[in-house]
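Note sheet for the following structure.
Since every read-out is calculated from the coordinates, none of them should be taken as a lab result. No experiment lies behind these values; they were computed from the predicted model shown. Here the Cβ positions follow ideal geometry from the backbone for every residue, glycine too, while neighbour counts run over all protein chains shown.
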Amino acid sequence: MLKVAKFGGTSLSDSKQFAKVKRIVEADESRKTVVVSAPGRRNEKDNKITDLLYLCHAHIKYDVDFDRVLDMIKERYIEIRNECSLNIDIENIIEKTFEEIDKNTSQDFIASRGECFSAMLMAEYLGYQFVDAADWVTFGYDGRLDYRATEEKLKDLQGIYERIVTPGFYGAYSNGEIKAFSRGGSDITGAIAAALLRADVYENWTDVSGILMVDPRIVKNPKTIARVTYDELRELSYMGASVLHEDAVFPLRVKDIPLNIRNTNDPDNPGTIIRESFEEELEEENERFITGIAGKKDFSIINIYKNRMGSAKNKLLRDVLELFEQYDIPIEQIPSGVDSFSVLFPSDCIKTKKYDLMSALRNHENIDSCDLSEGISLIAIVGRQMAYRAGISGKIFKALGDNNVNIRTIEQGADEINIMVGVFTEDFEDAIRILYESFAI
Ligand code: ASP
């Protein structure tokens, strides 16, 4: 049994968090591969080490003294080293690293040191082997991950060391130059390690006990989703539920590795399991039919009218879509009627182009009239249990209607795991609360 356990920044923010990580790793001997982020914020006013490192880079680049920022970074690691009673000479390692840095040192190299120092400390603390991410995560010169080289190197290392701690967030080109993933990229490192080592599970330890059914800023203490499929997760994330780095999902899906989101501060909580599919559905999940609800504000609709549109509709649709393409406005939905259709899109994409686009539409020879309405919000009701079951949308619309929420648009994806409704933005929070209270509890 092999578990790859990735710990995020808040799980490593100070020595107390380090101690929690150690307890978690030691509680299960299959947690053999550990991936760590850089120390994150200890409280709201605190700084993430990665942010401080980006700041260092900016200072170095513009020849501004960066001693104060570097001291803040050193203090954080020294505190962890001392309080965890470790021997590693971390101040010397940090000082040496920065002595060798100059104006030409890349931002990625400097930013990546956060996870590197973090992994060095954690390796000693756990008694695991430190393995630098630059020694296995390999990028091609096109900037994309070279899976084959990465797999070979990781497997070689696995053959030598049974238990490793490796930094997340970066790797190297084959010439050794460091390249970082985008922010939050330690999730990707963990996912790649889990996929390449064919781990039984990839544990992503963070500061929440899994994925919540709904935004806690809208519904107080919502339930956690126990099990969700990757397709459902994609629908929820697309609509704003932020869980983990999007690129982390791909390697896991391909190898069907279950992903378990866990809370370092509440290790007994089983968290959320994400998989391609579940062999058996639990009775409770069957009854509930909704896995999660997510939503996004600030959409606009342009309604297009043409009397007796009939067969002219195809061409008119094409012309309108071409205009949207020309103006670079991403389309979210195209609800359509007999003599009209509408185009729904994010409001901020039209700001500077509003008048030009509207006048282009008004001047179109086949459009009788058109209007723009703003202040629309979209709500996605997601659940694999909704697929091919009669009566679900009826229940959803009835709950909203009974509570006087007017539905502006309706859409269902082809796989029937997502029903999306557009409502006026002033009804957004209420609509989400109504849906949650009616169907999620
Ligand atoms: N430390 C990096 C960041 O803050 C990467 C990560 O934590 O995943 O974005």
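Worth pointing out:
- Partners for K306 among lysines (Cα-Cα distance below 16 Å; same-chain residues under 8 apart left out): K315
- For the listed peptides 253-260, 180-187, 8-15, a ranking on the average number of other beta carbons within 10 Å per residue, highest first, reads 8-15, 180-187, 253-260.
- Among the GluC sites (Glu not before Pro) found in segment 333-419, those both in a DSSP coil and sparsely packed, with 11 or fewer other Cβ atoms within 10 Å of their Cβ, are E365.
- Model label points for R163 and E83, set 7 angstrom from Cα along the Cα-to-Cβ axis, are 2.3 nm apart.
- By definition, a body whose alpha carbon gyration tensor gives a ≥ b ≥ c is prolate when a/c is 1.5 or more and a/b is larger than b/c, and segment 283-414 fits this prolate description.
- Estimated at 0.36 nm per residue, the fully extended path between R42 and E151 surpasses their Cα-Cα distance by 35.8 nm.
- Among T272, N303, A191 the positive-end extreme of the charge dipole of the chain (Cβ point charges): N303
- Sparsely packed loop sites in segment 348-441 (the trypsin sites (Lys or Arg not before Pro) outside DSSP H, G, I, E and B with at most 15 other Cβ atoms within 10 Å) comprise R389.
- Globularity index of segment 1-152, i.e. its alpha-carbon radius of gyration over 2.2 N^0.38 Å: 1.08
- GNM flexibility winner over the chain from V137, V243, V35 (Cα, springs under 10 Å): V243
- nm² value of the averaged projected area, convex hull over the Cα atoms of the chain: 25.2 nm²
- Fully extending the segment from Q129 to Q326, taken as 0.36 nm per residue of separation minus the present Cα-Cα distance, adds 65.5 nm.
- Taking segment 101-193 and dividing mean pair separation by its residue count, relative contact order in percent (alpha carbons under 8 Å, at least six apart): 32 percent
- Debye, to nearest 20: dipole size of segment 1-90, +1 on Lys, Arg Cβ, -1 on Asp, Glu Cβ: 480 debye
- About the Cα centre, charge dipole magnitude for segment 355-441 (Lys/Arg +1, Asp/Glu -1 at Cβ), debye: 480 debye
- Taking the charge dipole of segment 1-123 about its Cα centre, with +1 at Lys and Arg Cβ atoms and -1 at Asp and Glu Cβ atoms, the residue from A27, I93, F109 reaching farthest to the positive side is A27.
- Rounded to the nearest 20, the Cβ-based charge dipole of the chain about its Cα centre (Lys and Arg +1, Asp and Glu -1) stands at 500 debye.
- Candidates A27, A387, A194, ranked by Gaussian network fluctuation over the chain, Cα under 10 Å, top entry: A27
- A DSSP coil position with no more than 13 other Cβ atoms inside 10 Å describes the following chymotrypsin sites (Phe, Trp or Tyr not before Pro) in segment 318-398: Y388.
- When the square roots of the Cα gyration tensor eigenvalues are ordered a ≥ b ≥ c, the ratio a/c for segment 39-90 is 1.5 or more and a/b does not exceed b/c, which makes its shape oblate.
- Mean-position separation - Cα centroids, segment 305-361 and segment 224-303, in angstrom: 32 Å
- Relative contact order of segment 1-129, taken over Cα pairs closer than 8 Å and 6 or more residues apart, is 29 percent.
- Spin-label model, H59/S30: points 7 Å from Cα along the beta carbon direction are separated by 4.6 nm.
- Leading residue at positive end of dipole, the chain (Cβ point charges), from A312, W205, N363: A312
- Contour minus Cα-Cα distance for L2 and K354 (0.36 nm per residue): 121.2 nm
- Distance violations [Cα-Cα > 22 Å] among K6/K96; K313/K351; K32/K255; K61/K96; K20/K223; K223/K296: K6/K96; K313/K351; K20/K223
- Cα centroid separation - segment 51-112 against segment 185-211, whole Å: 27 Å
- Top of A199, A241, A312 by mean-square fluctuation, Gaussian network on the chain, Cα under 10 Å: A312
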